[in-house]
Amino acid sequence: MTWIWSNTDYIWDKTLVHLGLSVPPVLLAFVISLPIGWLANRVAWLRGVLLTASGLIYAIPSFALLVALPGIIGLYPLRSSTNLIVGLTLYGVALMVRSTADGLRAVEADVLQSASAVGYSPWQRFWRVELPLAGPVLLAGLRVVVVSTVSLATVGGILGINGLGLLFNDGLQRSILAEIGTGIVLTIVMALVLDGLLVLLGRVLMPWAGREPGPRSRRQEAVTA
Amino acid sequence: MNVFLDSLAWLADPVHLAGPNGVPARLGEHVLYSLAAVAIAAVVAIPVGFLIGHTGRGRTVAVALTGGVRALPTVGLVFLLALVLGIGITAPMIAFVVLAIPSILAGAYSGFEAVDRATIDAARAVGMTEWQIVTRVELPLGLPLLIGGLRSALLQVVATTTIAATVGAGGLGIYIFTGLRSNDYTQMFAGSLVVIALAVVLEVLFSVLQRLVVPAGVAAGRPLDTRVTTSRSAAAKATSLQEGTQ
């Protein structure tokens with residue numbers, strides 16, 4: 001415990017850096033997966049290809065991916081924040097593409113036809129009808145992404161990338177149990193806080209959702225489970 | 001592109017193929033650890049998952065557990081246990097089992113839950129005992145989801161084993177770790193290529209297996225490509241359990 005009190009500045013600094021590394025990949029993943037998920041839902045044969053590809057990317061162990069990416073892309077060094085952000089974004093996209101495709105697919109064809117019939121252009125229809133209706137599934141997917149991103153970002157610590165992961169590295173090397181414990185607790189707390197913020201955001205943006213335990217609830221649970 | 005050629009050359013070098021630190025030996029070690037951890041976790045998680053799925057009790061706890069473990073940083077867990085229990089395979093093994101249990105548990109209970117209540121009522125109506133319902137109805141129908149859970153668990157453990165090389169567990173992560181220490185990127189890249197190949201092969205094997213275990217009756221009655229999938233068939237096809245591993 002004394003370690004914690006004498007290192008509060010250091011811990012706070014690592015926490016902020018960690019937050020700064022975790023949020024961009026989540027936002028990027030959401031934005032990037034929208035067109036990909038839309039495409040997967042639109043072009044029948046692409047769906048299988050894109051979902052299989054994202055499944056394969058997600059299957060790659062994080063440590064190996066972070067090591068291999070700089071060599072494959074060749075634009076940034078191994079021990080850089082960019083490396084971590086690119087890697088985490090890739091995982092986020094791999095998760096979100098499925099959620100986006102599933103969410104858009106769950107929007108009923110009748111609703112879409114009605115929107116077209118009352119004069120929505122395809123562009124308007126997507127932003128004002130399809131996307132909001134797919135919202136709850138997208139939110140469920142994003143919640144998974146945010147929690148796993150915060151947790152995965154610690155892997156960068158082994159490579160020496162700044163963030164809460166450094167507490168693990170340093171704690172192991174100097175045999176400070178409290179340092180590793182602090183890192184674990186802060187990572188979990190950050191993941192839960194960001195997850196909670198997403199839930200709140202969902203309530204604000206989609207006040208209609210989550211009230212009716214409709215037939216889709218089981219599916220959403222499967223996504224959150 | 002040079003790093004690819006260098007790494008392939010590194011992998012082809014006979015020096016790196018022979019002995020206890022050779023690629024085949026480390027690969028075997030990696031696979032063995034992963035399978036052992038998943039097997040231990042399965043022995044614990046499958047019966048509990050079936051019980052939760054069959055009775056519907058304890059579901060909230062199981063869901064919370066699954067969600068909570070996703071937030072748990074694997075590196076932290078592995079390092080913490082290593083510091084407490086010492087360098088070697090014991091500490092990482094405990095971490096692997098802890099990390100594998102939630103996916104398997106979720107696969108087991110959600111597989112049972114995905115079975116239509118009417119099907120279970122029908123089974124009961126034709127006189128099946130509870131045990132028969134479990135083994136002849138719920139188990140075969142829930143098998144694809146259980147396999148999905150096993151697959152996430154295995155990939156999770158394969159990923160964690162890579163990290164565990166840092167605390168002396170062996171396995172393929174050793175090349176990445178040694179390379180990191182000696183600034184030898186070629187070795188790191190070669191090691192990560194083998195790890196990636198292993199993960200991709202396992203992912204493909206399991207997705208094939210997952211399709212094969214869908215009972216013939218379910219596969220025949222499955223809607224091919226309708227816009228609105230029923231929760232029943234969606235559950236049978238779902239791979240979403242895989243989410244949130246690493």
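Only the coordinates and a few stated rules stand behind these numbers; no lab work does. Everything numeric in this text was worked out from a predicted model, so none of it was measured. No Cβ is skipped: glycine too gets one built from the backbone with ideal geometry, and neighbour counts run over all protein chains shown.
Quick notes
- For the pair B:LEU32 and B:VAL208, the difference between a 0.36 nm per residue extended length and the Cα-Cα distance amounts to 61.2 nm.
- Rounded Å value of the spacing that divides the Cα centres of the range A:169-187 and the range A:9-84: 26 Å
- The label point for B:VAL126 and the one for A:TRP127, both projected 7 Å from the Cα toward the Cβ, are 5.5 nm apart.
- Mean residue ellipticity (222 nm) of the protein assembly as shown, computed from DSSP H runs ≥ 4 via -39,500 (n - 2.57), nearest 500: -25000 deg cm²/dmol
- Per-residue 3J(HN,Hα) values for the range B:203-214, derived from phi via the Karplus relation 6.51 cos²θ - 1.76 cosθ + 1.60 with θ = phi - 60°, read 4, 5, 4, 5, 5, 5, 4, 4, 6, 5, 8, 5 Hz in sequence order (x marks Gly and Pro).
- Karplus-based coupling profile of the range A:20-35, in residue order and whole Hz: x, 8, 8, 5, x, x, 5, 5, 4, 4, 4, 5, 5, 6, 4, x, with θ = phi - 60° in 6.51 cos²θ - 1.76 cosθ + 1.60 and x standing for Gly or Pro.
- Residue (of A:SER81, A:LEU138, A:GLY163) at the positive-pole extreme of chain A, dipole from beta-carbon charges: A:LEU138
- The charge dipole of the range B:98-205, taken about the Cα centre with unit charges on the Cβ atoms of Lys, Arg (+1) and Asp, Glu (-1), comes to about 160 debye, rounded to the nearest 20.
- A:VAL204/A:TRP3 FRET efficiency (R0 41 Å; Cβ-Cβ; nearest 0.05): 0.55
- Mean-position separation - Cα centroids, the range B:182-211 and the range B:96-120, in angstrom: 27 Å
- Dipole size of the protein assembly as shown about its Cα centre, with +1 on Lys/Arg Cβ and -1 on Asp/Glu Cβ: approximately 960 debye, rounded to the nearest 20.
- Total charge dipole magnitude, chain A, about the Cα centre, Cβ charges on Lys, Arg, Asp, Glu only, Debye to nearest 20: 480 debye
- Chain A, relative contact order in percent, only Cα pairs under 8 angstrom and at least six apart counted: 25 percent
- Take every Cα pair under 8 Å whose residues are at least 6 apart in sequence, average their separation, divide by the length of the range B:2-245, and the relative contact order is 25 percent.
- Trypsin sites (Lys or Arg not before Pro), loop per DSSP, at most 16 other Cβ atoms within 10 Å - longest free stretch of chain B: B:58-226
- Anisotropy class of the range A:14-66 from Cα gyration tensor, a/c 1.5 cut: oblate
- Among B:ILE104, B:ILE87, B:THR161 the positive-end extreme of the charge dipole of the range B:51-201 (Cβ point charges): B:ILE87
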